[in-house]
Amino acid sequence: MPFATFFSRPLSAFRASFSAAKPDAAAAGPPILDFPGAPPDIRQLVRERQYAHIVRPADGIAFDPDSLRYAWKAIDHDMAYVPGGNVTLCGEYATTSEEGFVLVPQVVGTSQTDSIYLDRWCVTNADFQRFVQAGGYENVSLWPEQILASVLQFVDKTGQPGPAFWENGQPAKTTAAHPVVGVSWYEANAYAQWVGKRLPTSAEWQRAGTWGATGSDSLKESKYPWGNSFDPQFANTWASGRHQTVSVHECQGGNTPNGIRQLIGNVWEWMNTQYLLAATEEITVHMTDPMAEVRGGAFDSYFHSHTTCQSRSAQTLLARKNNVGFRCCFSAEGLDPHGDEEMQAADA
Amino acid sequence: MSKAEGYNTALCYQDAPPCVCCDAQMTSLDDYCEECQTPAEITRSVSQRHAKPHFISVVGPSNAGKTVYLGLLLDMLCGGAKNLKGVPNGAFSIKLQEQVVSALEERRFPEKTPNESDLWKWLHCVVTDSSQRKEKQVDFVAPDFAGEAIATELEQPGTYAAVSHIVQRTSAFLLLCDSAEVRDNGAREDLFAMKLGSYISQQQALSELGKSRDLTPAVAIVFTKSDTCPEAAADPRRFMTNNMPRFMDYCQHNFPRHAVFSASVVGSSALLSNDVGGVARVPFHIQPRGVIEPLHWAIQNS
């Protein structure tokens, strides 16, 4: 976004603009965007949430202004701008104490993040179903060569390609607006590629949760997107008593100021960051399979101290858990979003 | 003994209820039962409630996860889960919960339970089960046994009086087995469970000799640490049939009321080893699965 545009319309970049958002919209379906007036190919890309291909075309050939206008409208609906900045990354190292092996918390360091557009909500079952129906599991260009054999095992309960807890290639009817779970890190990546996005890094995710909520009396990042005190109304963790995933429409009290939902709770989110566990020299860490970081905690996370914006956990890349989902992002660098005025003028 | 000393001693006996575990007479000055080492505070706590205590014992081999299971179970009961709500009766009941919860929140497992029975932590929790139309309230009393003490008692009955007395009084057992150990060393775990089952049958039969009917206890077999053993998590009964056939057969013949569960408390973990041969897991985050269900079943079936 150009510097001048940013300062002339600062709130338009950050605002929570999803018009269909309702605090009591638990029973609502997944947020679906459709522009009947758009050219057919653009309309389909928007319906399949592949609008990122329009603003960041893989072949470098720019789309026409009308298509870009629709794409930015969709991005404004689905994604939030997260300004770049510094985050303090925390981690832990393994050591030996009188109590045996322990993990000692430590500050890993400061990380500078660039500006990104981040999905306002996790990828839903309905979103992922479009990927499955479009043959995402058969599209070899979306999968690293070394795991092609494993892709054959990425099947649902009935042996159809799809997330682990689906049946007959479909999610349960009542969960269309719930985050998709039962997907490995590779499946999350394949979907992200398919829609022209990627998984956020841990630093980017942390920045999204903390940049707008730093207390004026503290230089520290806030623990949660809404502040430093946990509130079970704002996040679906063990304390909220739901014990299962909920719709992406729920818990909106826990939104970031720019309308990113459920960073904390509901489902852990896959990160584009490898999990590495430091250890003192007498200790060997046995990790048979590589692990990626997961962030944010889930509906079954028992301690809210494990679900802050700073805390991290990990899962093996092939794990397909019922409490791990994902959201996507893309870099904001070099992009020039069409402003509200242009969109409104074009609509008129 | 002077008249005054005799009078004081008589007063001590008069005030003190008999041990809740072995019925031995205690005095109000005792900290532990001399017979079975049960803490006097648990006896006082139970007697103040004027309700028949419901002994539910968490047993199993060393390192099966008894302490973590019991401590987290109590914490979950306090918060209320699956129609069960628990209220610890006395500060001593919170010691185990505090030890386990503090450790897990710091992403480590609590220290091993010492073998000495006077160092075991006990809990007395009033549990209300509201799953039926008529609420049921039970005084859930349980010690955190050391696995080594159980093993020693099985080999040499009478070594740990606390174990034998509690086993006699227990109406439901939660028999914990490490699912990964069962998967990898099935026969050993199977035989240990057989020994334990046989010991329970023997002790309970002894305690029932004078009664007109034979009451077998409810036995919930719980495969713990199922986060590291997906087979146990997916179908615990099938897992037991395949990996502990002897004990499965024993349960079918001797414990008409038995059920099989799987449980875990860890969502993700790493295996560490050190240069002196130590091997252990450290948890990354805590997500309890199947912890309440065995207790709920035990309450409803005992």
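The values are calculated or read from the model by the stated rules, or taken from the named source; none is laboratory data. Everything quoted here is computed from the prediction, not taken from an experiment. Positions of Cβ are generated from backbone atoms using ideal geometry, with glycine treated the same way; all protein chains shown enter the neighbour counts. Just the protein is used for accessible areas: all its heavy atoms, side chains included, with ligands, DNA and RNA removed. Shrake-Rupley method; radii C 1.70, N 1.55, O 1.52, S 1.80 Å.
General observations
- The lysines within cross-link reach of A:Lys157, meaning a Cα-to-Cα straight distance under 22 Å and a gap of 8 or more places when in the same chain, are A:Lys173, A:Lys321.
- 14 Å beta-carbon shell around B:Gly90, net charge (K/R +1, D/E -1): +1
- Solvent-accessible area per residue for region B:75-170 (1.4 angstrom probe, square angstrom): 44
- Loop-located GluC sites (Glu not before Pro) in region B:122-219 (DSSP state not H, G, I, E or B) with no more than 11 neighbouring Cβ atoms inside 10 Å: B:Glu135.
- Whole-number percent relative contact order across chain A, with pairs defined as alpha carbons under 8 Å at least 6 apart: 22
- For region A:83-331, the solvent-accessible area works out to 38 Å² per residue, with a probe of 1.4 Å and every protein chain left in place.
- Percent carbon-and-sulfur accessible area, chain A, ignoring ligands, DNA and RNA, probe 1.4 Å: 52
- Accessible area buried at the A-B interface, both sides summed, 1.4 Å probe (Å², nearest 100): 2600
- Efficiency of FRET from Cβ geometry, B:Gln132 and B:Thr216, R₀ 22 Å, rounded to 0.05: 0.45
- Each of A:Ala149 and B:Met194 was given a label point 7 Å from its Cα along the Cα-to-Cβ line. The distance between the two points is 3.9 nm.
- Descending semi-axes in Å of the protein assembly as shown, equivalent ellipsoid built from Cα gyration tensor: 55, 26, 22
- Label-to-label distance, A:Glu333 versus B:Asp184, with points set 7 angstrom from Cα along the beta-carbon direction: 4.5 nm.
- DSSP beta bridge pairing in the protein assembly as shown, given as percent antiparallel to the nearest 5: 70
- The amide H of A:Arg327, built 1.01 Å from its N in the peptide plane, has A:Val123, A:Trp270 as neighbours under 5 Å, considering only residues 5 or more places off or on other chains.
- Burial here means at least 50 square angstrom less accessible surface with every protein chain in place than with the chain by itself, probed at 1.4 Å; in region A:66-110 the buried residues are A:Glu99, A:Phe101, A:Leu103.
- Distance from region B:142-158 to region A:52-71 (C-alpha centre basis), Å: 71
- Chain B, Rg to Rh (Cα coordinates; Rh as Kirkwood inverse mean 1/r): 0.98
- Highest-MSF residue in chain A out of A:Glu48, A:Glu92, A:Glu145 [GNM, Cα springs under 10 Å]: A:Glu145
- Antiparallel bridges, percent of DSSP beta bridges restricted to chain B (to nearest 5): 55
- Averaged over B:263-274, number of beta-carbon atoms from partner chains that fall within 10 Å: 6
- Burial ranking of peptide ranges A:106-114, B:278-286 (average Cβ count within 10 Å, highest at the top): B:278-286, A:106-114
- The spread of Cα positions in chain A, taken along each principal axis and listed from longest to shortest, comes to 71, 54, 40 Å.
- Under the simplified labelling scheme, the B:Arg289-A:Ser141 pair shows an inter-label distance of 3.7 nm, with each label point 7 Å from Cα along Cα→Cβ.
- In plain terms, if you count all Cα to Cα distances in region B:11-50 and split them into 10 Å steps from zero, the share in each step is 37, 59, 4 percent.
- Accessible area expressed per residue, region B:11-50, with surrounding protein chains retained (probe 1.4 Å, Å²): 55
- Portion, in percent, of the accessible area of chain B that falls on carbon or sulfur, probe 1.4 Å: 49
- Residues of region A:262-298 with amide N under 14 Å of a point placed 7 Å along Cα→Cβ from A:Val104: A:278-283
- For region B:73-177, the list of trypsin sites (Lys or Arg not before Pro) that fall in a loop by DSSP and count at most 11 other C-beta atoms within 10 angstrom reads B:Arg133, B:Lys134.
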